[in-house]
1. Quote to one decimal, in nm, the extra length available between Asp76 and Ala136 on full extension: 0.36 nm per residue of separation minus the C-alpha distance between them.
2. Got a sec to turn the phi values of segment 83-89 into Karplus ³J(HN,Hα) couplings, 6.51 cos²θ - 1.76 cosθ + 1.60 with θ = phi - 60°, whole Hz, x for Gly and Pro?
3. Restrict the search to segment 173-208; then list the trypsin sites (Lys or Arg not before Pro) that DSSP places in a loop and that have at most 16 other Cβ atoms within 10 Å of their Cβ.
4. Given the options Thr160, Thr40, Thr216, which has the most mean-square fluctuation in a GNM of the chain, springs set between C-alpha atoms less than 10 angstrom apart?
5. Of Lys90/Lys177; Lys57/Lys90; Lys139/Lys187, which ones are farther than 28 Å apart at the Cα?
6. If you consider only alpha-carbon coordinates, what radius of gyration and Dmax does the chain have, in Å?
7. Assuming 0.36 nm per residue, please report the length gained on full extension of the stretch Ile108 to Trp162 beyond their Cα-Cα distance.
8. Quote the FRET efficiency, to the nearest 0.05, computed for Lys179 versus Gln215 with a Förster distance R0 of 22 Å and r equal to the Cβ-Cβ distance.
Amino acid sequence: MIMKLILKRSLVMCFITLAFLSCKRDKELLFNEPGAVYVTALPDSTVFTFATSPDAKVTDTILITYRIIGNAVPQDRQIRLEPRDGATAKAGYHYKVGPAVVKANQFIATVPVYVYRKPGLKDSLVNVILDIKENADFKLGFANQLRYKISISDVLSKPTIWDAVWASYFGTYSVVKFKFLLAVTGKTDWNSYPYPQDSRYLSQKAKNELLLYNQTHGPLVDEFGMEVIFP
């Protein structure tokens, strides 16, 4: 009876030990397994124009945020980014990708892309799609969030988020209206989502400046022959 009890306890201890070792091994495998990475930005593109900036400004920075799937690790890891074939924007001339690094113990990386003002952009738009590629540090994340498209120009164009964001503050887009907003607000980045308080400030600023303009020069008329108004 005593021998059976000892044998039973020995088997239980053996089972617990094996289970512990198996769990430890699984954790080590999970920890050492490469994570995956994906682009967090939606929409996964931006249209950047230097036309909203002073002539003296010849370079700017676009920030792209990436996030990992899996564990943070105690060392830096590289995200491999490659321009897709067919890009009209030239690496090193129109743009340069900065350090694409997920820092130690972090889940998010913000990667700078430096864009450059070039003479040819006055009458053209160049594009590049940056694809995430698998490497020793990261596998591919979500299939529909593995690329980011950047378009660069020096032509004044309608901001990509005008209808979704700015229309409720400034109404229908026109070139004349947009140039007026650039002149009176000093804001140059119209493709990034603003804080609500900033939008309200810009809206009130524009209304005040338009009132002063109309009192001095008469109604401001856009390229369609319509009087510029702000709702």
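Values quoted throughout were computed directly from the atomic coordinates according to the rules given, and no laboratory measurement underlies them. From a predicted model like this one, the values you see are computed outputs, not experimental measurements. Neighbour counts are summed over all protein chains in view; Cβ atoms, including those assigned to glycine, are modelled from backbone coordinates with ideal geometry.
1. Numbers: separation 60, 0.36 × 60 = 21.60 nm, distance 1.23 nm.
Net length gain for the segment: 20.4 nm.
2. Per residue, the Karplus-derived 3J(HN,Hα) values read x, 6, 4, x, 5, 8, 7 Hz.
3. Working: sites: Lys177, Lys179, Lys187, Arg200, Lys205, Lys207; in loops: Lys187.
Loop-located and lightly packed - Lys187.
4. Judging by the Gaussian network model, the answer is Thr216.
5. On the way: Lys90/Lys177 33 Å; Lys57/Lys90 19 Å; Lys139/Lys187 39 Å.
Checking Cα-Cα distances, Lys90/Lys177; Lys139/Lys187 exceed 28 Å.
6. Rg and Dmax of the chain, Cα atoms, are 27.4, 108 Å.
7. That works out to 16.6 nm of additional length.
8. 0.70
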